[in-house]
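The values are calculated or read from the model by the stated rules, or taken from the named source; none is laboratory data. Please read these numbers as outputs of a predicted model, since none were measured by experiment. Don't worry about glycine lacking a Cβ; one is built from the backbone with ideal geometry, like all the others, and counts go over all protein chains shown.
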Amino acid sequence: MRFYILLITLLFSFQIKAQESKTEVLTLGTFHFNFPNMDFVQTDSSDQIDVLKPEYQEEIQLIVEKLKKFNPTIIVIERPASKQDEVDSLYNSFLNGKHELNRDESQQIGFRLAKESGIKKLYAVDEWGEFNRQVERVIQGKDSIEKNKFSDYYQKDPEASKKYNSKPLFKEKGILAELNRLNNPENIRKSLGNYLIGPFKYESEEGDFFGVNFQTGRWFNRNLKIFRNIQRIKSTPEDKILVIYGAGHMNILNLLFESSPEFELASTDDFLQ
């Protein structure tokens, strides 16, 4: 009997130890402050805001103050990993008072928060996905007929009306309200469905998986590579990682962090509300 009690105690201790060894991660899904309109969600110029206006600058500072409560030691931003030297140079210029923050969430939130938290480096981890040979032959190949056929289908997207796209709040209620909307778990969950219809169902030949292979490379492979870049950052269980990224990515990244034995995903609600 004592042996079984000891065994259960040891297993329980190992379980607690394993949980304690995880690095805490907070993801902040955002809209793109400079409105490049390169994503599925497009914002008409009349509905855009200028985040450099005083009222929005005050609100951004409030958001930074809220995020400081997480006590991040590592900050990850949506910039190509290949541009790390450029990010380092810009951030160092900002620290030295030689760079004014532009209309970009990585700078408006990331640079500010890093400076106020005493962080010396922000990590650029963005990547593009990789297509398999079938998709690559159509997109990059010489078969213009098939390329135009898929391009026309993609642009028209016969199932666009099915896609989940709730109304943005930044114009009417401000940036904080919009960030709370974007990071709502239900909103994130539903947004993943947008990648399972439309182009996902496209068939180059009846019964093939062209659309599946396209979305695998375009979205799923891309986010797995982003996650791998985050894994490459040297961290310890004592670190706290803040990931500032376009909100659309959270439908994959949050799932990966929640499933990972290395990370513990914190609730955005605990810091933005």
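Looking at the structure I just gave you, is Phe227 modelled with pLDDT of 95 or more, crowded, with 19+ Cβ neighbours inside 10 Å, aromatic (Phe, Trp, Tyr) and under 14 Å from the mean Cα position of the chain (by Cα)?
The answer is yes for Phe227.
Out of all the residues in the stretch 191-208, which are in contact (Cβ under 8 Å) with a residue 24 or more places away in the chain and out of contact with any helix residue (DSSP H, G or I) (no Cβ under 6 Å at 6 or more places or on another chain)?
Those that are in contact (Cβ under 8 Å) with a residue 24 or more places away in the chain and out of contact with any helix residue (DSSP H, G or I) (no Cβ under 6 Å at 6 or more places or on another chain): Gly193, Asn194, Gly198, Asp208.
Considering only the stretch 104-143, how many residues are in contact (Cβ under 8 Å) with a residue 60 or more places away in the chain, over 20 Å from Tyr153 (Cβ atoms) and surrounded by 15 or more Cβ atoms within 10 Å (Cβ to Cβ)?
11
Quick check on my filter: what residues within the stretch 243-260 are in a helix (DSSP H, G or I), surrounded by fewer than 20 Cβ atoms within 10 Å (Cβ to Cβ) and not aliphatic (A, V, I, L, M)?
Glu258, Ser259
Do the conditions hold for Phe31, that is, is it surrounded by 14 or more Cβ atoms within 10 Å (Cβ to Cβ), closer than 15 Å to Ala177 by Cα, at pLDDT below 95 and hydrophobic (A, V, I, L, M, F, W, C)?
The answer is yes for Phe31.
Could you tell me whether Lys240 is among the basic types (Lys, Arg), crowded, with 18+ Cβ neighbours inside 10 Å and in contact (Cβ under 8 Å) with a residue 40 or more places away in the chain? Spell out how you get there, then give the answer.
Values: among the basic types (Lys, Arg): yes; crowded, with 18+ Cβ neighbours inside 10 Å: yes; in contact (Cβ under 8 Å) with a residue 40 or more places away in the chain: yes.
Criteria met by Lys240.
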